[in-house]
Amino acid sequence: MSHAEAHDHHHGPEPGFMRWLKTTNHKDLGALYLMFSLAMFIVGGLMSLVIRAELFTPGMQFVDPQFFNSMTTMHALFMIFGGVMPAFTGLSNYLIPIQLGAPDMALPRINNMGFWILPIAFGMLLSTLFMDGGAPAGGWTLYPPLSMQTGDAMPFLVFSIHLMGISSITGAINVIVTILNLRAPGMDLMKMPLFCWTWLITAFLLIAVMPVLAGAVTMLLTDKYFGTTFFAAAGGGDPVMFQHIFWFFGHPEVYIMILPAFGVVSQIIPTFARKTLFGYSSMVYATAAIAFLSFIVWAHHMFTVGMPVAAELFFMFATMLISVPTGVKVFNWVATMWRGSMTFETPMLFSLGFVILFTIGGFSGLMLAMTPVDFQYHDSYFVVAHFHYVLVPGAVFSLFAAVYYWLPKWTGTMYNEKLGKLHFWLSTIFINVLFFPQHFLGLAGMPRRIPDYSLQFAEFNFMSSVGAFAFFITQFIFLYNLITTCRGKWEKATDQVWEGAKGVEWEMLPSPLPYHTFEQQPDLSDYEPHPTH
Amino acid sequence: MSSAFMSRAGALMSKLAIAASLGMVSQAATAEYALNMPVGVTEISREVYDLHMLVFYVCCVIGAVVFGAMIYSIIAHRKSKGAKAANFHHSTVVEIVWTAIPFVILMALALPAAKTLVKMENTRGAEMSIKVTGYQWKWQYEYIDEDVSFYSTLSQDSNFARQKNSGVDLESVDNYLLDVDNPLVVPTDTKIRLLLTAADVIHAWWVPDFAVKKDAIPGYINETWMQIDEPGTYRGQCAELCGRDHGFMPVVVIAKTPEEYQAWLAAQKGAESALNGAAIATEQNVALAQ
């Protein structure tokens, strides 16, 4: 094959760093997003270790209370906007074009821009640690008037949130345009893998709410520097209004972080149960129902601000209603396993861990929905336990599951199964040691976001900290497995990789995937991924 | 460090053993830590506790059914045991049933919750009112129409012990971080209305034993109420992040019988007027000097 021919048919990547800077290839960008999110998980994880180190025993040992508050604030911002969200965007980049028979994402240059905004945004946010007045310390919820006390970090914080929002919106637009326009012939919407469906709905949520957050933080900025009083009571503004605006973004944001996880798990469980997903269309409708409800429940985050009883009742009922479609999903997963022929490779283990531990987070969510009882749980460690259960053994476990599941397809090398299983079991044990005792702490009356506590909380905080350090160390097993697999240290993967795997990427494409997946558009008219009736 | 680690681990082990032997959910009165929400000392707090246990048990039952089915399936339907996959993939009847049943369960939870909520928000018929103002980082209590008002800050002992590497043995401090110089004193068996606001940032006044948590917001006056059944000392904390010393502005409430409370109030008024007199005298001196 001559060089010219190779150039025509296989326009391979540019060598060196410029490949990554200039790439418009969805696989390169997917990999970049995933690597970036891994780096942010490590940074955010280190911040959480500062928190858990200070809370290890009662008394102040290591940090100033103000720095402690910076750590809780920055930990949340890094994990949410830097860890979970880019990780799912990375998966969407990598998988959606492949699963739909599309040549690439619809808007490849925007895709490149969307990614490269992120390191700038988080570099800027990280640099606030070294500024006068320290990093933001008013909590990731940025409630005024407290957030008005932020020092020089304030404009950098606001600008970095703007950038993260722009990045998310570019990703979301790309997903929508790709799914609606670039599906191969025959790939009907109701034939799409659930990961594509959940991401399509997530993308609409992103477009709806990221501008709301941008508006809220812009008003904070003008309140601080340009003399407006949107949220300052002394000037006729309303501090509670900020909370309403923030949570109108914040609650859909919760589902932005969990709906793609539902998609991942809905694809992995059928593979390892060797059985079609139970209730495909009800899964799609349930996802849409959850997304709709996510817009009308925001005030359950702020039951204690003093709302009219009618409003409290409405938000209680609407919130409880979310457990219906969420329940449908869990039941469908269990029904998929029922009378299957199951094996328990690492992706399946993480998916099963997801179903059980996410459901536990869902139970505490139902408890929190009950307004009169929420007055007790609100802003206590019970809430901390709740959202960490849905985010860590929820969203993050689904990310582990996804990486183990698709990594052999991406790299052509099978990861080390023994290490994968070890990673799962240690993670599952330590995540529970870390977060389960926090339920007890909250019920016993320990508020969240405090750097020191009275002595009756000592035992469970000690236990929680031990779990945190052990969980963090466990992740080095994953890191080792990941790096060695990318370097091809282990066995070659087959094209189908998993015996029960169904879908375009498993049945029609080689492992590793070529740099450009489809040179010619595939015809999927006869392709039946799951029975339609 | 390592010896502290070992002793803490030992304490944890022995206490978990005690908790296990007493039953996980019961109030382990012998242990100094708690596993569950306090039942509290007001009618509302007892109702809230009952709701909490109700929804907890409902979750346990649902969990047992769902996880039970899942675990059974994991054990019985595994390939290594020769299980062959069935090929059913949906059932409209089953799907309607498991949408409808949760709906009914939710109604059964929501109705009693709504009833309690309406009661909690009904501040009418209060026999006395106290204005609570949050500051960074203390509370001010003003007894409305009584001319009694004071600030309540973290006790000196706790404040000294909580400084970084203070070297103080925390066990020797009375109610470390949950003690104040001037506690709020209130009568039992009286419907007390609290009016909450804040002077700088948002705070939240929380006493678990009363099931009362309400935000104190600048520019707002929030209302809540409590009627305490038993005399005693009840402790809580600020629940809304309010800056550097958010963790160090506890709430302490002493509930006295109405008679003892009246006596306390009278004594306060005496002290207050003496203090006020001194303040007025000082102001006059300042005015004269000018």
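No value in this document is a laboratory result; all are computed from the given coordinates. Keep in mind the model is a prediction, meaning the values are calculated, not measured. Virtual Cβ from ideal backbone geometry, glycine too; neighbours counted across all protein chains shown.
What to note about this one:
- Sparse-neighbour loop sites [GluC sites (Glu not before Pro); region B:131-187; at most 15 other C-beta within 10 Å; DSSP]: B:GLU146
- With the convex hull of the Cα atoms taken as the outline of region A:432-533, the averaged projected area works out to 12.7 nm².
- Mean separation of Cα contacts under 8 Å (6+ apart) over length of region B:76-166, as relative contact order %: 11
- Cα Rg, Dmax, region A:358-407, angstrom units: 13.5, 46
- The convex hull built on the alpha-carbon positions of region A:21-166 has an orientation-averaged projected area of 9.6 nm².
- Cα-based reach from B:LYS84 at 19 Å (exclusive), listing lysines while leaving out same-chain residues under 8 positions away: A:LYS275, A:LYS502
- Whole-Hz Karplus values for region B:82-94 come out as x, 5, 9, 5, 6, 10, 6, 9, 6, 8, 4, 4, 4 Hz, taken residue by residue from phi with 6.51 cos²θ - 1.76 cosθ + 1.60 and θ = phi - 60°; glycine and proline positions read x.
- For chain A, the longest principal axis of the C-alpha atoms and the axis of helix A:26-54 are separated by about 30°.
- Look at the alpha carbon pairs under 8 Å that are at least 6 residues apart: their mean separation over the length of chain A gives a relative contact order of 17 percent.
- Semi-axes of the equivalent ellipsoid of region A:182-301 are 40, 14, 10 Å, computed as sqrt(5λ) over the eigenvalues of the C-alpha gyration tensor in descending order.
- In order along region A:175-184, the Karplus-derived 3J(HN,Hα) couplings, from 6.51 cos²θ - 1.76 cosθ + 1.60 at θ = phi - 60°, round to 4, 5, 5, 4, 5, 7, 10, 10, 5, 5 Hz, and Gly and Pro are given as x.
- Amide H to amide H, with H built 1.01 Å from N, B:VAL207 comes under 5 Å of B:VAL212, counting only residues 5 or more places away or on other chains.
- For region A:1-120, averaging the sequence separation of C-alpha pairs within contact (under 8 Å, six or more residues apart) and dividing by the residue count gives a relative contact order of 38 percent.
- Converting the Cα gyration tensor eigenvalues of region A:331-464 into ellipsoid dimensions via √(5λ) gives semi-axes, longest first, of 33, 18, 11 Å.
- Pairs beyond 26 Å (Cα-Cα), from A:LYS409/B:LYS81; A:LYS489/B:LYS81; A:LYS22/A:LYS492; B:LYS119/B:LYS213; A:LYS329/B:LYS213; A:LYS27/A:LYS191: A:LYS409/B:LYS81; A:LYS489/B:LYS81; A:LYS22/A:LYS492; A:LYS329/B:LYS213
- From phi via Karplus (6.51, -1.76, 1.60), per-residue ³J(HN,Hα) for region A:305-316 in Hz, x at Gly/Pro: 6, x, 9, x, 4, 4, 5, 4, 5, 4, 5, 5
- Spatially proximal lysines relative to B:LYS269 (Cα-Cα < 19 Å; intrachain offsets below 8 disregarded): B:LYS131, B:LYS256
- Exposure proxy ranking, count of Cβ atoms within 10 Å, fewest first, for A:CYS486, B:CYS60: B:CYS60, A:CYS486
- Relative to the longest principal axis of the Cα atoms of chain A, the long axis of helix A:108-127 lies at roughly 30 degrees.
- Plainly put, region A:133-204 has a radius of gyration that is 1.26 times its Kirkwood radius, both from alpha-carbon atoms, as the Rg/Rh ratio.
- Chain A: angle of helix A:194-225 to the longest principal axis, Cα-based, in degrees nearest 10: 30
- Charged neighbours of A:ALA216, selected by a Cβ distance under 14 Å, balance to -2 (K, R count +1; D, E count -1).
- Less than 5 angstrom separates the built amide H of B:VAL251 from those of B:GLY236, B:GLN237, B:CYS238, all sequence-distant by 5 or more or on a different chain.
- Sparsely packed chymotrypsin sites (Phe, Trp or Tyr not before Pro) within region A:179-250, loop by DSSP, other Cβ within 10 Å at most 11: A:PHE226
- Cα gyration tensor shape of region A:160-253, rounded if a/c is under 1.5, else prolate or oblate by comparing a/b with b/c: prolate
- Region B:118-225 - Debye-derived log10 I(q)/I(0), Cα point model, q = 0.21 Å⁻¹: -1.17
- Cα gyration tensor, region B:183-256 - rounded (a/c under 1.5), prolate or oblate: oblate
- Cα coordinate range in the protein assembly as shown, projected on the principal axes (Å, largest first): 103, 59, 55
- Under 15 Å, Cβ to Cβ, from A:ALA76 - net charge with Lys/Arg +1 and Asp/Glu -1: +1
- Residue order, fewest to most surrounding Cβ atoms within 10 angstrom, among B:ASP209, B:ASP200, B:ASP147: B:ASP147, B:ASP200, B:ASP209
- Prolate/oblate/rounded label for region A:369-447 (Cα gyration tensor, a/c 1.5): prolate
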